[in-house]
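A.B. asks: This is the structure, below, for whatever I ask next.
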């Protein structure tokens, strides 16, 4: 159990982080710690660990022998050893192995008179090794590593070879395998793909220790947590149930508090009116004095001031052609490593597509190809008529001007937005007050990422390609961002591991798997259902591994052939459709030009000129009608092809 009593902490500058904070975390509880970014959640975890010293109050962990494991957001460098060796060192297996080996060697070399004593030490060492799971440790470790997305043989690789996201998984694996009594996790789902998150959720659901986790992943918080602790105004308020239960209970509680505050305000007003009315009447003096005293003793009900909700709104989308993106036999390789090949797909105007897949499947690579940041090694990736793409990735921060302030980066953009609108947009992405005058070079990685996202959203575009845009956003900002994307009338392709976020947005899901692209209609939940149904359908027919792999290859080949056939049939009509859209656009411009000419005074006095313009305008109108009719025919044909008719 963790007991926090009367905790107070004020940062330099007078900002109060904890204000007589009290919190009891029961043994074997699973609690999600929530609150806006910067409210002090990470600081509270570090205070429990003893890494932050409070101004007053105390924190006790019982029993004193309880072990505490902590996953921070900012990871320390890993030692220069193999992954398996790191796990053994981290969990105490290495020390136990050395102790057992030393006892065995001493026993073998000792005279008979020492055997009884040394045998006892050997048995103790063997028992300690067994209690740690030493005999089955490597098998258990590989199972955990596979769950977190590592491949066979990765356990023999040096830790230094892994990238930042994979180093987080290495640290997480070591933490879980060490089986501490108390787990403190700060954003554990960052850098995890969907399969790894699902494995972690299952592991934590079976965990018998005490868990406290900070996370902005709503699905994770719903699946794992049994209570939610909200950090607000320096204090903790605990709600029973998962995150969805917390949202309902919190909303009800706030509504009740506001109603009570409104009633109290009305009663106070009536009391004050009575006092003023009868203050100077001797017959009412006792009643007036009684009410004055009652008023003085009244404790005002304080309602939580709701943060001003900023509605995010994208600039109007310039119109694009119907076909926004066409992938034709697209392939990408880096040296001998082929990421994917023969990808064929078409994206139509207004579609919102989620791009998913395991880490390393090629999602970011495909995003960069579509945005034009990289060129494919085979095939084509073409955007349609009047398509204006905007691309965001975690590397977008590299394009910021580090010599400017936050405001200087934003101010020159999109002159159609007022200064107030720009400040409101920055505020919704957690840049408020003096933060907007911070130099870019002093911002944290998360702040730079958010600023890059703001810059991209301010510029007019009609095709957003977003690679992990919700990293470093708290839940409130994610909600605002999500609503803005739902209202966005352009086309959207989004890579994210936030399942709730994807489920609210996606109308279509692309899955990159084994170098191929699988297209699913519907939102993310529908995609999961379809994928699970497909796996369940294959399972009863599964024979030996070789046959199953062969069957999977045959099925993938058939699916690829079917997609390619649909693509080839559509492409002829899609090309004509794109040409028609260009023609219609040109004819519309011609119509507007003729109409403007007919409004000019000098033209109105020239009958010959008027006749020529009227004939040209009539021809343009007829041509638009004919082209539009053919456009509608082509759309019907394409829809039938997509349905397999």
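A.B. asks: Test residue 502 against the criterion of being within 20 Å of residue 223 (Cβ to Cβ), in contact (Cβ under 8 Å) with a residue 24 or more places away in the chain and assigned to a helix (DSSP H, G or I), and give yes or no.
C.D. replies: yes
A.B. asks: Restricting to the stretch 338-386, what's the tally of residues that are touching a residue at least 60 places away in the same chain (Cβ under 8 Å), farther than 23 Å from residue 195 by Cα and touching a helix residue (DSSP H, G or I) at 6+ places or on another chain (Cβ under 7 Å)?
C.D. replies: Within the stretch 338-386, residues that are touching a residue at least 60 places away in the same chain (Cβ under 8 Å), farther than 23 Å from residue 195 by Cα and touching a helix residue (DSSP H, G or I) at 6+ places or on another chain (Cβ under 7 Å) number 5.
A.B. asks: May I ask you to list pairs of residues, at least six apart or on different chains, whose Cβ atoms are under 9 Å apart, with the first in the stretch 413-439 being farther than 19 Å from residue 477 by Cβ and the second being assigned to a loop (DSSP other than H, G, I, E, B) and at pLDDT 85 or above?
C.D. replies: The qualifying pairs are 419/411; 439/402; 439/403; 439/404.
A.B. asks: So which residues in the stretch 387-399 are surrounded by 17 or more Cβ atoms within 10 Å (Cβ to Cβ) and either under 21 Å from residue 421 (Cβ atoms) or free of Cβ contacts under 8 Å to residues at least 12 places away in the same chain (or both), if there are any at all?
C.D. replies: Result: 390, 392.
A.B. asks: Name every residue in the stretch 425-442 that is under 25 Å from the mean Cα position of the chain (by Cα) and either not in a helix (DSSP H, G or I) or not assigned by TED's automatic domain parsing to the domain that holds residue 414 (or both), in order of residue number.
C.D. replies: 429, 430, 431, 432
A.B. asks: Considering the stretch 572-591 alone, what residues qualify as being farther than 30 Å from residue 328 by Cα and either within 38 Å of the chain's Cα centre (by Cα) or surrounded by 12 or more Cβ atoms within 10 Å (Cβ to Cβ) (or both)?
C.D. replies: Within the stretch 572-591, 588, 590, 591 meet the criteria.
A.B. asks: Return the only residue of 588, 576, 581 being within 26 Å of residue 629 (Cα to Cα), at pLDDT 80 or above and touching a strand residue (DSSP E or B) at 6+ places or on another chain (Cβ under 9 Å).
C.D. replies: Criteria check complete, one pass: 581.
A.B. asks: Please go through the stretch 139-161 and give me each residue that is over 21 Å from residue 498 (Cα atoms), free of Cβ contacts under 8 Å to residues at least 60 places away in the same chain and outside any helix (DSSP H, G or I), ordered by number.
C.D. replies: Answer for the stretch 139-161, where residues must be over 21 Å from residue 498 (Cα atoms), free of Cβ contacts under 8 Å to residues at least 60 places away in the same chain and outside any helix (DSSP H, G or I): 151, 152, 153.
A.B. asks: From the list 275, 292, 268, 236, exactly one residue is over 30 Å from residue 461 (Cα atoms), outside any helix (DSSP H, G or I) and at pLDDT 85 or above. Which is it?
C.D. replies: After applying the criteria, what remains is 236.
A.B. asks: Return the total of residues in the stretch 99-126 being closer than 19 Å to residue 88 by Cβ, in contact with a helix residue (DSSP H, G or I) (Cβ under 6 Å, 6 or more places away or on another chain) and surrounded by fewer than 15 Cβ atoms within 10 Å (Cβ to Cβ).
C.D. replies: Summing the residues that are closer than 19 Å to residue 88 by Cβ, in contact with a helix residue (DSSP H, G or I) (Cβ under 6 Å, 6 or more places away or on another chain) and surrounded by fewer than 15 Cβ atoms within 10 Å (Cβ to Cβ) in the stretch 99-126 gives 0.
A.B. asks: Can you tell me which residue is modelled with the lowest pLDDT among those in the stretch 303-318 that are surrounded by 12 or more Cβ atoms within 10 Å (Cβ to Cβ) and farther than 19 Å from residue 479 by Cα?
C.D. replies: If we take residues in the stretch 303-318 being surrounded by 12 or more Cβ atoms within 10 Å (Cβ to Cβ) and farther than 19 Å from residue 479 by Cα, then 304 is modelled with the lowest pLDDT.
A.B. asks: Also, quick follow-up: In the stretch 44-90, what residues are assigned to a loop (DSSP other than H, G, I, E, B) and crowded, with 19+ Cβ neighbours inside 10 Å?
C.D. replies: Residue satisfying the conditions is 54 alone.
A.B. asks: Kindly check whether there is at least one residue in the stretch 527-542 that is outside any loop (DSSP other than H, G, I, E, B), more than 15 Å from residue 194 (Cβ to Cβ), touching a strand residue (DSSP E or B) at 6+ places or on another chain (Cβ under 7 Å) and at pLDDT 85 or above.
C.D. replies: no
A.B. asks: Residue by residue through the stretch 597-612, note down the ones that are under 56 Å from the mean Cα position of the chain (by Cα) and at pLDDT 80 or above.
C.D. replies: If the condition is that a residue be under 56 Å from the mean Cα position of the chain (by Cα) and at pLDDT 80 or above, then 597 is the only one that fits.
The values are calculated or read from the model by the stated rules, or taken from the named source; none is laboratory data. Here the structure is a predicted model, which means the values were calculated and not measured. All Cβ positions, glycine included, derive from the backbone under ideal geometry; neighbour counts span all protein chains shown.
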